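Engineer: I have a structure here, written as structure tokens, and I will follow up with some questions on it.
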Number of protein chains: 2
Amino acid sequence: MNPSLRICLAQVDYLVGDIEGNTRALLQHAQEALAHGADLIVFPELTLTAYPPEDLLHRSSFHDCVNTAMDTLLEAELDIHMVIGYPERKPEGIYNSLAIIHKNKIIANYRKMHLPNYGVFDEKRYFIPGEIQQPFTIKQIKITPLVCEDLWYPEPIAQAKQQGAELILCCNASPFDLYKPHLREDIINQRIEETALPIAYVNWVGGQDELVFDGGSLCVNKKGKITHAAAYCEEALLMADFYDHDFKTTTKENDTSDEERLYKTLVLGVKDYVEKNNFPGVVLGLSGGIDSALTLAIACDALGADKVKAVLMPSCYTSHISVHDAKEQAETQGADYSIIPIELTRKAFEESLCDEFEGLDKDTTEENIQARIRGILLMAISNKTGKMLLTTGNKSETAVGYATLYGDMAGGFAPLKDVFKTMVYRLAHYRNSIKPVIPARVIERPPSAELAPDQKDQDSLPDYDTLDAILRQYIEEDQGMQSIIAQGFEADEVKRVISMVNRNEYKRRQAPPGVRISEKAFGRDRRYPITSGFGRHHQGK
Amino acid sequence: MNPSLRICLAQVDYLVGDIEGNTRALLQHAQEALAHGADLIVFPELTLTAYPPEDLLHRSSFHDCVNTAMDTLLEAELDIHMVIGYPERKPEGIYNSLAIIHKNKIIANYRKMHLPNYGVFDEKRYFIPGEIQQPFTIKQIKITPLVCEDLWYPEPIAQAKQQGAELILCCNASPFDLYKPHLREDIINQRIEETALPIAYVNWVGGQDELVFDGGSLCVNKKGKITHAAAYCEEALLMADFYDHDFKTTTKENDTSDEERLYKTLVLGVKDYVEKNNFPGVVLGLSGGIDSALTLAIACDALGADKVKAVLMPSCYTSHISVHDAKEQAETQGADYSIIPIELTRKAFEESLCDEFEGLDKDTTEENIQARIRGILLMAISNKTGKMLLTTGNKSETAVGYATLYGDMAGGFAPLKDVFKTMVYRLAHYRNSIKPVIPARVIERPPSAELAPDQKDQDSLPDYDTLDAILRQYIEEDQGMQSIIAQGFEADEVKRVISMVNRNEYKRRQAPPGVRISEKAFGRDRRYPITSGFGRHHQGK
């Protein structure tokens, strides 16, 4: 019988750019693994800098810090093999590398070969590609570590196999994607089908601006069975024994619903954005509508209700049930709330502008003023208390611009930015299924911005089932107008929705960051010009 | 004597994404060139789509439009050779290509070999690289066209020379850069030194969101002399005769000061953003300070004073001379203005928040409320009239966050976003040197936000000469703290400035686009995480 190798997959949550802090945490995690008898600890991609460090990689002083950190790791002389990701600066360029450190030596070094340059990824902006290297050996076991994207192509693992590798490690920075929940497992299985090599896959966990890395690290044996799996959305040191050329114990797969996994992702995204940026808590406007209700629940679950402050800002168009339901939510969850009516300030603006607007009809200008007064009040509380303002808008609104810039769009972070309205409802039901926190009426009432008498969202938008379906085709699937109409949607409705999406790029450009849950969130992954004539002539047809 | 070839360099201003409109304009320009006896018309990079089309390139319907446009060009059967840039979709990927069209045939096709993936450029996100092709021939002259970045490397032109090319065309999308005004000429001269091949260089002119392409198309003969040059910042069909293997007539170089070229760039950037997005005009807050004074002058020069509306919004902290000077500027330039005091609304907010803020000291919260009231008033006028709101902040303020989000940062476009305060002064002097429009007192007064009694910018910031010098080192030159201190700046001041820049990334992320004039504007070219621990520990040291 071959010797057994104990592997620790470090599914950790580090802070981008905090090389010193990450190095300390890494050494602690390695010592913990050592205490559990591990021979080898494997960290996620770019461990020292966390992912993605973006243009910090252009700074010379940043690489100096990486070098200092590498010295610190060597000086620690730990008797465990550590697989550590780091940016490796060389005269010819920077590699996205893995160092295998044992005691005071780097015993091997690997460089990422396939550099993703799509979606949110800009790796060709920073890195140059490496080439396959020979496996390293522990206890006579030959091991080849790969970096993330390298597993998505057949040839790196095939070459490793040729070189005699018996085990593949894969160090990743793979963000959550609602629409491709099983993509990682599928890729791993495909590589195992091709090579019959067992794979240990470690992923980051944690929020970084718009990205949430959801963990889900796992070991898969040469038959394609998952033998070890870490939970989603929490830190874990996953221990796995490798002997007789394979992982043995089989385990239950992570079996979670879309809603559960998504809700946990949103909670983690909010928690990490707030905590990593050192905010003492959050404030949000609570309207009595479903978006702010769900945002409140996420905030309370992420930070604890004592860190969450809700503000109700009724106007003459706000119904009594809105105020009642909003109070009920805050009280149910134990969050502090204030009520600040906006009539006084609204009248002051009306008076200030009466000469300027003399003879002109009322229009959305007056609605926007109300939303912006609320923005000022919330930002004043944010400025005075240090609490960050959460916005409550969802992806459907953000897509068509059904929101007021500097009004309800004002804030530091937008938890629901990439969540379609139809999914907001599903998440509300999911959250209530654990413990009811959102009153049934909030879920059942027709949605309204309450900025004009008897206003309903559906006065100016298609119903949300239709709207979300068109938006998914146009945004997520990059389908054109004709192709969407051909799917059976009403032509005028499709044209109107597409035109709204295109016209409102300028608003999205000034929106706060929010949790990305799709491959086409309105952030680094969707880069559209504001000034654009595409579709202009079609609109006229 | 060899036959003479008449070449037209089309320095044109097209609209990104408007493939139909661009195709019509292109045919008109070609017909105009034909009427002037041209054998060949050369357009800038990605002519049909204009540059940069960004993620529109991911849409299948976008490529369908390109194909339709190519058919239209062939059907026109013009008896002139046209060099046209277009995205060439193939099964293996998309090329950034040039088609040489004559009558109803594509007689040759070239593909960009070097794809820039730095700064604002993401070409590896969209394109795959091509390979060198044989020259095409007109009137026995062998010509190789290159695309932009291909001229920045020695080997494409060297290969063209080997293949017998006598003339190089270069089709570009090269944005303005204040700090590298002669870089293009230097590159061209280097290639000519290597190959003794004459080069005809054509560039876009016009604004596209943050970018301004400043034109400056030129022909350089085999001795490295500029023989033909188009003006900066205006459309031109530059005609050049090529005979006896070279360009002959020599011409004066474009000889303009930094300030003149920069001012023209800002004017063009504002003009194109407003006009291409179909705004009927602009509105801006006029404070009596130098930033809004210069912004007003740029707006009036870009659009005509009749399209510009200034709003004076004095508070109890606004000095009388501020109001006086602001009125004088609007009147001198013939722009409409209104005066809307903010005391009434300020008091309404004070009253609305008095319970919430009971027992708490006044701080910047109250200053921000004033700035945000002005933001609401300006946005109300913008919403009611359709005029776009210009912000007036400069790069120094934007860098250190000396601005109020949703307050003075509210607006659709920021003309001075990439202009340091010290350059704002130089531009004000330059503009006044043509015709005085900014009162001397506005230039000479110590700058103040006038949000608190006797406030001066220099109460909370280093003097602007020092601030801008540190910012240039940190932002434009990517220098670290130690390296800047080593240059002789005061250590605490450097630490404070760097800390402000890092802390305020979140504000910049929600700032409107503005004219980019450097390689490190706060837009697509500077991609920093908001959540970042880099430097956190240093700050404490």
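Engineer: Out of segment A:36-64, which residues are open to solvent by 30 Å² or more (accessible area, probe 1.4 Å) and either away from chain B (no Cβ under 13 Å) or over 26 Å from the mean Cα position of the chain (by Cα) (or both)?
Structural biologist: The answer is A:His36, A:Gly37, A:Asp39, A:Ser60, A:Ser61, A:Asp64.
Engineer: In segment B:219-311, which strands (runs of 3 or more DSSP E) lie fully inside it and hold 1 or more residues that are open to solvent by 10 Å² or more (accessible area, probe 1.4 Å) and of a type in the set (A, V, I, L, M)?
Structural biologist: Numbers: elements: B:226-229, B:236-243, B:282-285.
Of the strands (runs of 3 or more DSSP E) lying wholly inside segment B:219-311, those with at least 1 residues that are open to solvent by 10 Å² or more (accessible area, probe 1.4 Å) and of a type in the set (A, V, I, L, M) span B:226-229, B:236-243.
Engineer: Let me ask another. Scan segment A:315-334 residue by residue and report those that are without any contact (Cβ under 8 Å) to a residue 12 or more places away in the chain and of a type in the set (S, T, N, Q). I'd like the intermediate steps shown before the answer.
Structural biologist: Kept after step one, since they are without any contact (Cβ under 8 Å) to a residue 12 or more places away in the chain, are these residues of segment A:315-334: A:320, A:331.
Scanning segment A:315-334 gives no hits.
Engineer: What helices (runs of 4 or more DSSP H), lying completely within segment B:348-465, carry at least 1 residues that are surrounded by 22 or more Cβ atoms within 10 Å (Cβ to Cβ) and more than 28 Å from the chain's Cα centre (by Cα)? Working first, answer last.
Structural biologist: Numbers: elements: B:364-385, B:395-400, B:421-434, B:440-444, B:457-460.
The helices (runs of 4 or more DSSP H) meeting that bar are B:364-385.
Engineer: Considering only residues that are of a type in the set (Asp, Glu) and not in a loop (DSSP other than H, G, I, E, B), which ones fall in segment B:1-50? Before you say what the answer is, go through the steps one by one.
Structural biologist: Within segment B:1-50, the first condition is being of a type in the set (Asp, Glu), and the residues that meet it are B:13, B:18, B:20, B:32, B:39, B:45.
Answer for segment B:1-50, where residues must be of a type in the set (Asp, Glu) and not in a loop (DSSP other than H, G, I, E, B): B:Glu20, B:Glu32.
Engineer: Farther than 30 Å from B:Asn383 by Cα and touching a Phe, Trp or Tyr at 6+ places or on another chain (Cβ under 6 Å): does that describe B:Pro198?
Structural biologist: Details: farther than 30 Å from B:Asn383 by Cα: yes; touching a Phe, Trp or Tyr at 6+ places or on another chain (Cβ under 6 Å): yes.
Spelling it out, B:Pro198 is indeed farther than 30 Å from B:Asn383 by Cα and touching a Phe, Trp or Tyr at 6+ places or on another chain (Cβ under 6 Å).
Engineer: Next question, about the same structure. Give the number of residues within segment A:172-183 that are out of contact with any strand residue (DSSP E or B) (no Cβ under 6 Å at 6 or more places or on another chain) and either modelled with pLDDT of 95 or more or open to solvent by 30 Å² or more (accessible area, probe 1.4 Å) (or both). Let's see the steps before the verdict.
Structural biologist: So in segment A:172-183, the residues out of contact with any strand residue (DSSP E or B) (no Cβ under 6 Å at 6 or more places or on another chain) come out as A:173, A:177-183.
Of the ones still in play, those that are also either modelled with pLDDT of 95 or more or open to solvent by 30 Å² or more (accessible area, probe 1.4 Å) (or both) are A:173, A:179-183.
Residues in segment A:172-183 being out of contact with any strand residue (DSSP E or B) (no Cβ under 6 Å at 6 or more places or on another chain) and either modelled with pLDDT of 95 or more or open to solvent by 30 Å² or more (accessible area, probe 1.4 Å) (or both): 6 in total.
Engineer: Right, something else. Quick one: in segment B:368-397, which of the residues that are out of contact with any strand residue (DSSP E or B) (no Cβ under 8 Å at 6 or more places or on another chain) and more than 9 Å from every other protein chain (Cβ to nearest Cβ) is farthest from B:Ala449 (Cα to Cα)? Quick ask: steps written out before the conclusion?
Structural biologist: From segment B:368-397, those out of contact with any strand residue (DSSP E or B) (no Cβ under 8 Å at 6 or more places or on another chain) are B:368-373, B:375-376, B:380, B:383-384, B:386, B:394-397; that's our starting set.
Those left that are additionally more than 9 Å from every other protein chain (Cβ to nearest Cβ): B:370-371, B:386, B:394-397.
Working: B:Gln370: 11, B:Ala371: 9, B:Gly386: 27, B:Asn394: 13, B:Lys395: 15, B:Ser396: 14, B:Glu397: 11 Å.
The extreme case among them is B:Gly386.
Engineer: Cβ contacts < 7 Å: first residue at the interface with chain A (Cβ under 9 Å from one of its Cβ atoms), restricted to segment B:335-362; second residue of a type in the set (Asp, Glu), any location; separation 6+ or different chain. Result?
Structural biologist: Within 7 Å, the pairs are B:Ser338/A:Glu356; B:Ile340/A:Glu356; B:Leu344/A:Glu351.
Engineer: Give the residue, chosen from A:His102, A:His81, that is closer than 21 Å to A:Arg6 by Cβ, surrounded by 22 or more Cβ atoms within 10 Å (Cβ to Cβ) and modelled with pLDDT of 95 or more.
Structural biologist: Working: A:His102 fails: surrounded by 22 or more Cβ atoms within 10 Å (Cβ to Cβ).
The conditions single out A:His81.
Engineer: From the set of residues in segment A:1-30 that are free of Cβ contacts under 8 Å to residues at least 12 places away in the same chain and open to solvent by 20 Å² or more (accessible area, probe 1.4 Å), which is nearest to the other protein chains (Cβ to nearest Cβ)? Talk me through it step by step, then tell me what you get.
Structural biologist: Residues of segment A:1-30 free of Cβ contacts under 8 Å to residues at least 12 places away in the same chain: A:21, A:24, A:28.
Checking the rest, the ones that are also open to solvent by 20 Å² or more (accessible area, probe 1.4 Å) come to A:24, A:28.
Details: A:Arg24: 10, A:Gln28: 16 Å.
Among residues in segment A:1-30 that are free of Cβ contacts under 8 Å to residues at least 12 places away in the same chain and open to solvent by 20 Å² or more (accessible area, probe 1.4 Å), the one nearest to the other protein chains (Cβ to nearest Cβ) is A:Arg24.
Engineer: For segment A:184-207, which positions are open to solvent by 10 Å² or more (accessible area, probe 1.4 Å) and under 30 Å from A:Lys417 (Cβ atoms)?
Structural biologist: A:Arg184, A:Glu185, A:Asp186, A:Ile187
Engineer: Still on this model: Residues being assigned to a helix (DSSP H, G or I) and either surrounded by fewer than 20 Cβ atoms within 10 Å (Cβ to Cβ) or under 24 Å from the mean Cα position of the chain (by Cα) (or both): count how many of those fall in segment B:125-164.
Structural biologist: We begin by selecting, within segment B:125-164, every residue assigned to a helix (DSSP H, G or I); these are B:125-126, B:148-152, B:154-162.
Filter again for either surrounded by fewer than 20 Cβ atoms within 10 Å (Cβ to Cβ) or under 24 Å from the mean Cα position of the chain (by Cα) (or both), leaving B:125-126, B:148-152, B:154-155, B:158-159, B:161-162.
Of the residues in that region, 13 qualify.
The values are calculated or read from the model by the stated rules, or taken from the named source; none is laboratory data. Note that the structure is predicted; figures quoted are calculated from it, not measured. No Cβ is skipped: glycine too gets one built from the backbone with ideal geometry, and neighbour counts run over all protein chains shown. Calculation scope for accessible area: heavy atoms of the full protein, side chains included, ligands and nucleic acids excluded. Shrake-Rupley method; radii C 1.70, N 1.55, O 1.52, S 1.80 Å.
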